[in-house]
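Participant: Quick one: structure below, then a few questions.
The values are calculated or read from the model by the stated rules, or taken from the named source; none is laboratory data. The model shown is predicted, which means the values in this text are computed figures rather than measured ones. Heads up, the Cβs are rebuilt from the backbone with ideal geometry, glycines too, and the neighbour counts pull from every protein chain shown.
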Amino acid sequence: MTRFSIDALLLDVDGTLAETEELHRLSFNRTFAEAGLPWSWSVETYRRLLATTGGRERILAWIAEVEPERAARLEGPNDPFVAALHARKTELYAEGVARGEVALCPGIPELLARARELGLALAIATTTSRANVEALFGAHPEALPRAAFATLVCGEDTKRKKPDPEVYRLALERLGLPPGRALAVEDSRNGVLAAKGAGVPVVAIPSLYTAGDDLGAADQVLASAFELLPLVGR
């Protein structure tokens, strides 16, 4: 296996730090039910919709599929109807995280502890919302100490979502590092392509919802973060 000599770890969140996607799916469905909408996403439907990055964008993609006339009247991801649905879903998701309904992925606490021991900078590079990231930190303060992360680059910080490399370029800019001195950890094809587009080496660890993704562009595909522990150093 390839060993990576680096100064920073850049980590995705959903499916990488924690298996969050099932709670996201259930929160979307509760939001739709509260709003009186006849929509419900099955596991297979949500797996397909994950090819569209970003919660608001995912809602738009679904509306275009099932109610094209409604979709034609909407004004993109910032349309008030879409924004309100997404805001309520974010509230429900945060409540679930606070109740302990999301577990960290295997090996993540150990990987982060190892990175801190080595003096590596830690950064979040995600297109999920900052509220979702903060909720996860709040639920796991020992394994995910907020102060250990040099920067959080979240969905609100970029104009373009993964697979566009903007999120990784911004993280590198904030850290003051060249691409080759960082390592990205991702779980999806879109995430891998975003990191590679920024010139950042990337390890892919498939999650529950991305097990079928084509991750061939990654520098390494591993079964868990435990396998990454001996591969990072300075």
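Participant: For segment 99-148, what are the residues that are within 16 Å of Glu22 (Cα to Cα), of a type in the set (Gly, Ala, Ser) and under 18 Å from the mean Cα position of the chain (by Cα)? Even if it seems obvious, please write down each step before you answer.
Facilitator: First pass over segment 99-148, keeping only residues within 16 Å of Glu22 (Cα to Cα): 99-105, 128, 132-133, 135-136.
From what's left, of a type in the set (Gly, Ala, Ser): 100, 103, 135.
Passing the criteria: Ala103, Ala135.
Participant: Now, a different point. Based on what the data block shows, is Thr128 closer than 19 Å to Ala198 by Cα, of a type outside the set (Gly, Ala, Ser) and surrounded by 21 or more Cβ atoms within 10 Å (Cβ to Cβ)? Spell out the reasoning first.
Facilitator: Working: closer than 19 Å to Ala198 by Cα: yes; of a type outside the set (Gly, Ala, Ser): yes; surrounded by 21 or more Cβ atoms within 10 Å (Cβ to Cβ): yes.
Yes, satisfied.
Participant: Pairs, please: C-beta under 8 Å, at least 6 apart or cross-chain, first residue under 21 Å from Arg47 (Cα atoms) and in segment 191-212, second surrounded by fewer than 19 Cβ atoms within 10 Å (Cβ to Cβ) and of a type in the set (Lys, Arg)?
Facilitator: Every condition considered, the pairs that remain are Tyr209/Arg47; Gly212/Arg47.
Participant: Given the structure, is Gly76 under 20 Å from Arg160 (Cα atoms), at pLDDT below 95, over 18 Å from the mean Cα position of the chain (by Cα) and not acidic (Asp, Glu)?
Facilitator: yes
Participant: Using the structure shown, decide if Pro141 is surrounded by fewer than 17 Cβ atoms within 10 Å (Cβ to Cβ), assigned by TED's automatic domain parsing to the domain that holds Lys159 and part of a loop (DSSP other than H, G, I, E, B).
Facilitator: Answer is yes for this residue.
Participant: Let me ask something else about it. Could you figure out which of (1) of a type in the set (A, V, I, L, M); (2) buried (at least 24 other Cβ atoms within 10 Å of the Cβ); (3) in contact with a helix residue (DSSP H, G or I) (Cβ under 9 Å, 6 or more places away or on another chain) isn't true of Val192?
Facilitator: For Val192, the exception is condition (3).
Participant: Still on this structure: Just to check your reading of the model, which residue among Glu91, Glu101 is out of contact with any Cys (no Cβ under 7 Å at 6 or more places or on another chain), part of a helix (DSSP H, G or I) and not hydrophobic (A, V, I, L, M, F, W, C)?
Facilitator: Glu91
Participant: Next up: Among Asp157, Asp219, Asp164, which is the only one that is closer than 24 Å to Glu91 by Cα and either β-branched (Val, Ile, Thr) or surrounded by fewer than 21 Cβ atoms within 10 Å (Cβ to Cβ) (or both)?
Facilitator: Criteria check complete, one pass: Asp157.
Participant: Are any residues in segment 10-64 of a type in the set (D, E, K, R), within 29 Å of Ala195 (Cα to Cα) and part of a helix (DSSP H, G or I), and if so, which ones?
Facilitator: Result: Glu21, Glu22, Arg25, Glu44, Arg47, Arg48, Arg56, Glu57, Arg58.
Participant: Also, quick follow-up: Name every residue in segment 149-182 that is assigned to a helix (DSSP H, G or I), within 18 Å of Val232 (Cα to Cα) and free of Cβ contacts under 8 Å to residues at least 24 places away in the same chain, in order of residue number.
Facilitator: Answer for segment 149-182, where residues must be assigned to a helix (DSSP H, G or I), within 18 Å of Val232 (Cα to Cα) and free of Cβ contacts under 8 Å to residues at least 24 places away in the same chain: Pro179, Gly180.
Participant: Just to verify a result, which residue in segment 27-66, among those that are surrounded by fewer than 19 Cβ atoms within 10 Å (Cβ to Cβ) and β-branched (Val, Ile, Thr), is nearest to the chain's Cα centre (by Cα)?
Facilitator: Thr52
Participant: For segment 183-194, what are the residues that are charged (D, E, K, R) and assigned to a strand (DSSP E or B)?
Facilitator: Within segment 183-194, just Glu186 meets the criteria.
Participant: Which of (1) buried (at least 20 other Cβ atoms within 10 Å of the Cβ); (2) modelled with pLDDT of 95 or more; (3) in the same structural domain as Leu208 (by TED's automatic domain parsing); (4) closer than 22 Å to Tyr209 by Cβ does Ala123 not meet, given it meets every other one?
Facilitator: All conditions are met except number (4).
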